[in-house]
Amino acid sequence: MDEEIKLIDENGLRVDGRRFDELRPVRIEVGVLKNADGSALIVQGRTKILAAVYGPREIHPKHLSKPDRAVLRCRYHMAPFSVEDRKSPAPSRRETELSKVIREALEPAILLEKFPRTCIDVFVEVLEADGGTRCAGVTAASVALADAGIPMKDLVVGCAAGKVDGVVVVDLCDIEDKYGEVDVPVAYMPNKGLISLLQMDGILTMEEFEKALNLAIDGCKKIYEVQKAALKRKYDFTEKLKREADKSEE
Ligand code: UDP
């Protein structure tokens, strides 16, 4: 680790002034894209991600279809301007891996069996990356799926925990991810109590791991409330528009 960079100060605060158990501010907006069946924008600290959902729709090429369920396809992509050093627009190994990880985190929540022979496409576009993009991507994608009206057992929420300067912390930003010791991304379905993504980059003791997992799950529960409030706002707004349109027709 670079000796110059101190990730926890003498008061126990992190580089951006947060306590160990504090999330970055999270904002979610639903239905931001007119041409998608469902969409959501998440802003978590400086990380900004747009998720778009298309489907259930006909699958091409047809031989990829499944007779008993829909196929979920996921593309995680970083915009060239999303990071400090320009990211090549060509798909990288990391993007291919994260596309798979995000798909596997979302799949158990979706009632795919309701739409045989179709596909559901999920696009996760990272507009600005400041750590935790796979987790914020899962959070935004599950809201976009709900916005598309796709039946789900629960929303899926992503949140990472990790270890920086020997302290177990939640929701790492880029600098903590780069210079810290460990990153543990988690995706969780709060209502079901199920974990659908668990990775660990680094080494933790059993005690530290349990602490990190609990912090990540608590983080997921907090972000779950933001997801639900965002969906409710969109639903209330649509209902209001409908009522006004009905009134003007009378
Ligand atoms: N990152 C970057 N350039 C890249 C890929 C990643 O600067 O080509 C940064 C970005 O801020 C990202 C962070 O590194 O959020 C951590 O990346 P990681 O692979 O751990 O995934 P994430 O934490 O975003 O899920």
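The values are calculated or read from the model by the stated rules, or taken from the named source; none is laboratory data. What you are looking at is a predicted structure, and each value in this text was computed from that prediction instead of being measured. Neighbour counts are summed over all protein chains in view; Cβ atoms, including those assigned to glycine, are modelled from backbone coordinates with ideal geometry. Quick note on the areas: whole protein, heavy atoms, side chains included, nothing else; ligands and nucleic acids left out. Shrake-Rupley method; radii C 1.70, N 1.55, O 1.52, S 1.80 Å.
Listing for the model above:
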read-out: Residue count for segment 201-239, restricted to those that are open to solvent by 90 Å² or more (accessible area, probe 1.4 Å) and within 15 Å of the ligand (Cβ to nearest atom); value: 1
read-out: Test result for ALA136, buried (at least 18 other Cβ atoms within 10 Å of the Cβ) and away from the ligand (no atom under 11 Å from the Cβ); value: no
read-out: Single unsatisfied condition, LYS48 versus (1) crowded, with 19+ Cβ neighbours inside 10 Å; (2) assigned to a loop (DSSP other than H, G, I, E, B); (3) charged (D, E, K, R); value: (2)
read-out: Single unsatisfied condition, TYR76 versus (1) under 17 Å from ILE120 (Cβ atoms); (2) out of contact with any Leu (no Cβ under 6 Å at 6 or more places or on another chain); value: (2)
read-out: Residue that is nearest to ASP37 (Cα to Cα) [pool: residues in segment 148-198 that are acidic (Asp, Glu) and open to solvent by 30 Å² or more (accessible area, probe 1.4 Å)]; value: ASP174
read-out: Candidate set from segment 34-45 (those that are aliphatic (A, V, I, L, M) and more than 16 Å from the ligand (Cβ to nearest atom)); member that is surrounded by the most Cβ atoms within 10 Å (Cβ to Cβ); value: ALA40
read-out: Matching residues, segment 62-96, being open to solvent by less than 90 Å² (accessible area, probe 1.4 Å), in contact with a Lys or Arg (Cβ under 9 Å, 6 or more places away or on another chain) and either closer than 21 Å to LEU50 by Cβ or within 10 Å of the ligand (Cβ to nearest atom) (or both); value: LEU72, ARG73, CYS74, TYR76, MET78, ALA79, PRO80, SER82, GLU95
